[in-house]
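The structure appears right after this line, and notes come after that.
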Amino acid sequence: MSPKTFLFPVLYSSLIIAATCITFYGGHSKSINAVSIIGLLLVIPFCVFAMIYSKRVIHNNIIGGKDLVKEGLKFVIFSTVILVIFQALFFTIDFRDYKVDFIQTYGFELAKTQIKNGNLKITEAQIPDLIQKEINQVTLFKECTSIVFKNMFLGTITSVITAVALRANLRG
């Protein structure tokens, strides 16, 4: 396996890690969800470019569809491993405390609003139990699993569609 295979996963992961750290530690933690969504959507162009780069530079335009999908999946797997390692460190150091604090600070008011709108079928006396249950569900496993499934789902679809499109370009 060529070291060039790691170029796009490292670039993509570095961009996501930098954006997450700048947003969170720069005092813009309310925008962390937007950064996560944009970061997930960036899988698409990075995966496409990684596959095109692999096809042209590593394989000299001589590569089959199955091998193109494999190249796309290599990008997805390597970038997912890097992001899971980062998320494990980030969650352990700061993000768990941030999530717990957010739930404790805004959870009661959010639950009252949900009860008032009829979306939550509990009484106000049960809200502290609900908040404690939500805090107990903030785990490292849940954070890392969400990264793995989101990246693998979107990356696999992107890899297959890109491989089909690139093979069609060769034939047509």
Give me the dipole magnitude in Debye, nearest 20, for the chain about the Cα centre, with unit charges on the beta carbon: positive for Lys and Arg, negative for Asp and Glu. 800 debye
Summed residue charge, Cβ within 14 Å of Leu120's Cβ, Lys/Arg positive, Asp/Glu negative: 0
Unsatisfied cross-links (Cα-Cα over 28 Å) in the set Lys116/Lys150; Lys70/Lys150; Lys66/Lys150; Lys99/Lys150: Lys116/Lys150
Sorted by Cβ density within 10 Å, fewest first, the residues Met51, Met152: Met152, Met51
Residue order, fewest to most surrounding Cβ atoms within 10 angstrom, among Ser36, Ser146: Ser146, Ser36
Which helices of the chain meet both criteria: a Cα extent of 24 Å or more along the helical axis and a mean Kyte-Doolittle score no lower than -0.5, with helices taken as whole DSSP H segments? 7-25, 65-90, 140-171
For the chain, whose charge dipole is built from +1 on Lys and Arg Cβ atoms and -1 on Asp and Glu Cβ atoms, the candidate among Leu40, Gln126, Phe75 with its Cα farthest towards the positive end is Phe75
How would Cys21, Cys47 line up from fewest to most surrounding beta-carbon atoms within 10 angstrom? Cys21, Cys47
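We did not get these values from a lab; they are worked out from the coordinates using the rules stated. Keep in mind the model is a prediction, meaning the values are calculated, not measured. Quick reminder, even Gly has a Cβ in these numbers, built from the backbone with ideal geometry, and neighbours come from all protein chains shown.
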